Amino acid sequence: MSSREYPLRPIVGIGVVVLRPDLGRAGAALLVRRARPPNAGAWSIPGGAQELGETAEHAARRELFEETGLAVGALHLAANVDSIHRDADARVKFHYTILDFCAAWAGGDPIPGGDVDAAAWAGFEDFDAFDLWAEARRVIGLARGILGL
């Protein structure tokens, strides 16, 4: 059992929606495929847990780089998401409060690393092929509005 399972309080998670306007019919968002629970095999926005003593923005930049090898310019706070997973006995097995930032792509190709096994640019019209969580779609939509894409 990981130290994140059955926590005593929520864990702060950080996500980064990276948008690339020059791909797809209307642009694309960077997605990663999770390699570990609680969402192993699922496509999501890059991100992970904030570390003690780390600012949210630093955590966003670190997680994005660890998972994709990419760096971005200005970050904008886009949304917060609650991710709560319960076991068969209805006990909270995982609980993350996620702060999602957004940024425009600044160049480079994503290379999966850290706790992800794949990274891809997904056209806004192609999210069904990635079985993307409704909350991730919502946050990407908010990010598009913030960045004007």
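The values are calculated or read from the model by the stated rules, or taken from the named source; none is laboratory data. Just so we're clear, the structure is a prediction, and the values are computed from it rather than from any experiment. Reconstructed Cβ throughout: ideal geometry from the backbone, glycine too, with neighbour counts over all protein chains shown. Ligands, DNA and RNA are excluded from the accessible area calculation, which covers all protein heavy atoms including side chains. Shrake-Rupley method; radii C 1.70, N 1.55, O 1.52, S 1.80 Å.
Observations, loosely collected:
- Accessible-area composition of the chain, carbon plus sulfur, in percent [1.4 Å probe]: 53
- Average accessible surface area per residue within the chain, 1.4 Å rolling probe, Å²: 52
- Three-way shape label, the range 1-76, alpha-carbon gyration tensor, a/c 1.5: oblate
- Comparing mean-square fluctuations of F65, F130, F101 from a GNM of the chain with C-alpha springs under 10 Å, the top value falls on F130.
- Per residue, the convex hull volume that the Cα atoms of the range 50-100 enclose (Å³): 95
- Quarter of the Cα convex hull surface for the chain, i.e. its orientation-mean projected area (nm²): 8.7
- Applying the criteria of a DSSP loop state and at most 13 other Cβ atoms within 10 Å to the trypsin sites (Lys or Arg not before Pro) of the range 1-90 yields R25.
- Between helix 56-68 and the chain: long-axis angle, C-alpha atoms, 0 to 90°, nearest 10: 80
- Angle in degrees between helix 134-147 and the longest Cα principal axis of the chain, rounded to the nearest 10: 40
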